[in-house]
Amino acid sequence: MQRKPVISVGLLAVAVSLLAGPAPVMAQDQPAGIRLGAPYNVQRPLLAVRPLAGAGPIAEAVDSMTRIIQRDLRYSNRFSILDPVPQQLRAGEVEYGPWNALNVVYLVAGDVQASAAGYTLALAVHDVVYGRVVSERRFMLPPATDPDFRMAVHAISDEVVRWTLNQPGSAATRIVMTRQNGGGSYDLLLVDSDGFGMRRIAGAGVQLYSPSWSPDGRRVLYAFNDENRGWVLVERDIRSGSQRVIDPGGDMLMTPTYAPDGNRIALASWSDDGTQIFNYDLRQQCCLTRLTGSSRSISMNPEYSPDGRQIAFNSDRIGGNAIFIMPADGSGNPVQLSPFSQGSSYTGPSWSPTGSKVAFAGWWSRQMYDRAQIMVADAGRPSAQIEQITARGNNRDPSWAPDGRHVVYTSTGDGAAGLYIIDVETKTRRLLAGGANLRMAEWSPPLLRAADLVAQ
Amino acid sequence: MMRRLLLASLFATIPLSACSRRQPPPQPEPDPPPPATQPPTTQPQPPAADPDAEARRRAEESARALAILEEIVHFDYDESTIRADAQEALARKVPILRANPGVQLRVVGHTDERGSVEYNLALGMRRANAVRDYLAGFGIDASRFVTTSMGEDVPLDPGSNERAWALNRRAEFTVAGGQTLILPGS
C-alpha cells in the first residue's frame, strides 16, 4: 500500500502563492515592453493590535474599534499582523519582553473612556525592538451609533500607518461606483474602503456614468443622460444629497474629472469631429476649451496629474486605443505612455495621487482582448518597461487609493465578478464588493484625518 | 442645446423601446375582428370591394415597411465601418424613408463588452453616426435621424463569447412620426 502523499507546509505556501498571484502560463507571450509583476513576499514588520481597554457599557464599541483598526492595518498590506494576540498579553501593563519574543515590531495599544461626545481613545504605538513609544495621543470619537463612527476609527488606523512608517493610509476613504441594473436603470453607489456600508446615493432610469471625486472628497461629479436635456454633468454633495446640473454645452458629455484645485474640470464631448477632451472652469462657469486635436478620433478619460500640470487620457488616434500624456492646457504633442503592438488597446488611465505612476487597463494582442489586464507605467519615463499587475480574468477601470499603493478595479476574477482591490507592491488582492454590474469605481481622497479628532 | 431640446420633444410621445426596454415595441395595428353578424366565408372576395380587407392590406404593408426600417445592422470588432451586409440592409430602408417623408429614425449604437465601458459609449455613438451618414449619402435629410448610444449596456445576448459579441455590435432603429407607413412598390 502506498503512503499518502504528505504536502509540506512550504509546498502548500508555494501553491497558495501561485493561486493568488499572476498565472505563470501567461508569461510566455509577454511582449518586450511589459513585465509580469510577481507576487512580492517582502519581509513586512510584524504588528500587533492589543485589544483596546474599555469595559462596561462601552465594551462592545471598544471591541468594534479594535477589530476595525486591526483589519484596516491588515488591508494596508504594510505589516504582518499578529493574529490572534496571545491571551496572556491582552491586558495589563505593556512590557516589551514577551512581544519581542514573538518578533513583534510595532504594538498598538490603548484605552477608551466614555465621554460626553462619545469616547475618548488614548492610543499609543510602541516600537518593541527599540523599547519605546513611537507616538501617543488622545482622540475624540463619536458614539458607535453615529454614522461617522467607523470613518473616525479608520482615520485612527491611517494615523498608525503614519506614526510607524511615515506613509499615507487609505482606510478613511470611500469608493463610488455605478451599478447597471439592466432595463436602462443605473445607480450610483458608495462603499467604505473596507467593504462596509454599501449604499445607493443616486439613481435613475437613464444612463449614469463616470463618477469622479472632488479633491476635498465632499462631492461627486458624473455624466447623466437626462431625458429632456441630453447628456449633462451632475455635481452631487455626498453629505447633504443636494445636487446641481452643470451644462457647459456640447453634445454627449462623458468622463468628467476634477483638476486638483477643484476649480476646473476636464471632460470628453462628442462632436462630428470625433470625441475630444475639453476643460471647463467651474467657478466662472465658462468655456469649453478643446485640448485634443486629433480629428475624428475618440479621446476621452482625462485624468490630471497630482500637480495639475499634465493630463493622461486614452485615444484611438493611432488605430487602437493607447494612453497618452499631454500638458494640461493641451499645448504640445501628447506623449504615448502605453507600449504599441499589433492589436493592442489600453484605456481608462488613473494617475497615482502620490507620484508619477499611471494605471490603465488593456491588452497587447487580439488573442487576449477578452482578458484585459491592469498595467502600471511611470509617467516620468514613458519608454520604460510597464508592469502588469493582474493576470486572471477580465480587468477594467483601475483607480488609485490615496496611499498610492492600492488600486480598485472591475474584474471577472476567478469566476466571482466584482470590484477588487490589489496592492501593487505585494499583489495581495481582496474582493471589495461582488457583482458583475458594478463598474467605473473611483477611490476617494482621504475623507477624515486623525488630526481632526485630537482631544484638547 | 436647442437641437437637443427640439429632438427630445419630437420623440417625447414615441415609446423608445429599443433602448430602454421599459415599454413594448410598437405593434402593427391589429387585424379588425370579423363582423359578428356575418358567418365567416370561404369565398375569396375582391380586395377593393371590402374596406376591411383594404385596411388589412395597408396594415400589413405598414408592418412590412416598419420591419425593414427596424432591421438591425451589425459591425465588426472595434469598427464603425458599414459592412456589406449592413449596406444592403440600410439600402432597403432608403425607398421607405423617401416614400414616408414624415418619418424620423432614432438610431441607437451598441457595442460588445470588451474595452472600457466609457470607450464603448463613444464607440456606440460613432456607429450610430456612421449609419446616419451612410443613409444621408442617399439624399435623406440627416436631420431626420437622432443618434444615441447605449454602449455595452444592452446586449442582445448576455454571453461572453464570439457569437454573442458579434450579435451585440449593432445599430438598432426606432421609428417615429409615421402612424401608417407606405411601402413603395406594393
| query | Relative to the longest principal axis of chain A, what angle (0 to 90°, nearest 10) does the C-alpha long axis of helix A:149-165 take? | reply | 80
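Label chain A by shape, choosing from rounded, prolate and oblate, from the square roots a ≥ b ≥ c of the eigenvalues of the Cα gyration tensor; if a/c is under 1.5 it is rounded, and otherwise prolate applies when a/b is larger than b/c, oblate when it is not. List each step's numbers first, then the result.
Values: a/c = 2.07, a/b = 1.38, b/c = 1.49.
It is oblate, given that a/c is not under 1.5 and a/b is not larger than b/c.
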| message | Can you list residues from other chains, or at least 5 along the same chain, whose modelled amide H is less than 5 Å from the amide H of residue B:147? | response | B:107
| note | Simple spin-label estimate for residue A:342/residue A:381, 7 Å along Cα→Cβ, in nm, reads 3.0
| If one puts a single equal scatterer on every Cα of the stretch A:190-251 and applies the Debye formula without solvent, what log₁₀ I(q)/I(0) results at q = 0.15, 0.28 Å⁻¹? | -0.49, -1.34
| field | Stokes-Einstein D in µm²/s, Kirkwood radius over Cα pairs - the stretch B:65-186 at 10 °C with 1.306 mPa s viscosity | value | 110
| said: I'd like to know which of A:173, A:186, A:203 lies farthest towards the positive end of the charge dipole of the stretch A:168-227, counting +1 on Cβ of Lys and Arg and -1 on Cβ of Asp and Glu. | reply: A:173
| query | Based on the Cα atoms of the stretch A:63-137, what semi-axes does the equivalent ellipsoid have, where each is the square root of 5 times one gyration tensor eigenvalue, given in whole Å with the largest first? | reply | 21, 15, 12
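With a 10 Å Cβ neighbour count serving as the proxy for reagent exposure, in which order, fewest first, do A:358, A:129, A:62 appear? Working shown, then result.
Numbers: A:358 27, A:129 14, A:62 23.
By the 10 Å Cβ count, ascending: A:129, A:62, A:358.
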| query | Just for the Cα atoms in the stretch A:144-248, what are the lengths along the principal axes, largest first, rounded to whole Å? | reply | 53, 28, 22
| From the phi of every residue in the stretch A:218-232, what ³J(HN,Hα) in whole Hz does the Karplus formula 6.51 cos²θ - 1.76 cosθ + 1.60 yield, where θ is phi - 60° and glycine or proline is x? | 8, 10, 10, 10, 8, 9, 9, 8, 5, 4, 9, 9, x, 6, 10
| For the stretch A:256-371, what log10 I(q)/I(0) values come out of the Debye formula at q = 0.17, 0.18, 0.22 1/Å, with one point per alpha carbon and no solvent? | -0.79, -0.88, -1.23
| task | Whole Å is fine, so just give me how far the alpha carbon centre of the stretch A:340-414 lies from that of the stretch A:419-440. | result | 13
| remark: Residue-ordered couplings for the stretch A:246-260, obtained by feeding phi - 60° into the Karplus form 6.51 cos²θ - 1.76 cosθ + 1.60 and rounding to whole Hz (Gly and Pro as x), are 10, 10, x, x, x, 9, 6, 7, 9, 6, x, 8, 7, 6, x
| said: Can you tell me the length gained on complete extension of the stretch residue A:229 to residue A:416, counting 0.36 nm per residue apart and subtracting the Cα distance? | reply: 63.6 nm
| field | Amide H within-cut-off set for residue A:330, under 5 Å, with H built and near neighbours excluded | value | none
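For n ≥ 4 DSSP H runs only, could you compute -39500 (n - 2.57) per run for chain A, divide by its residues and tell me the 222 nm figure to the nearest 500?
Values: 4 runs with 52 residues, N = 456.
About -3500 deg cm²/dmol.
On average, how many beta carbons from a partner chain sit within 10 Å of the beta carbon of a residue in A:390-398?
Working: counts 0, 0, 0, 0, 3, 0, 6, 3, 0.
Across the residues of A:390-398, the mean count of other-chain Cβ atoms within 10 Å is 1.
What is the ratio of the Cα radius of gyration of the stretch A:325-385 to 2.2 N^0.38 Å, where N is its residue count, to two decimals? Walk me through the numbers before you get to the answer.
Working: Rg = 12.4 Å, N = 61, 2.2 N^0.38 = 10.5 Å.
In units of the globular-protein estimate, the stretch A:325-385 measures up at 1.18.
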| remark: Ordered by fewest other Cβ atoms within 10 Å, a rough proxy for footprinting exposure, A:313, A:196, A:139 read A:196, A:139, A:313
| Helix A:59-75 axis, angle to chain A major axis (alpha carbon atoms, nearest 10°) | 50
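Since every read-out is calculated from the coordinates, none of them should be taken as a lab result. These numbers were taken from a predicted model, which means no experiment stands behind them. Virtual Cβ from ideal backbone geometry, glycine too; neighbours counted across all protein chains shown.
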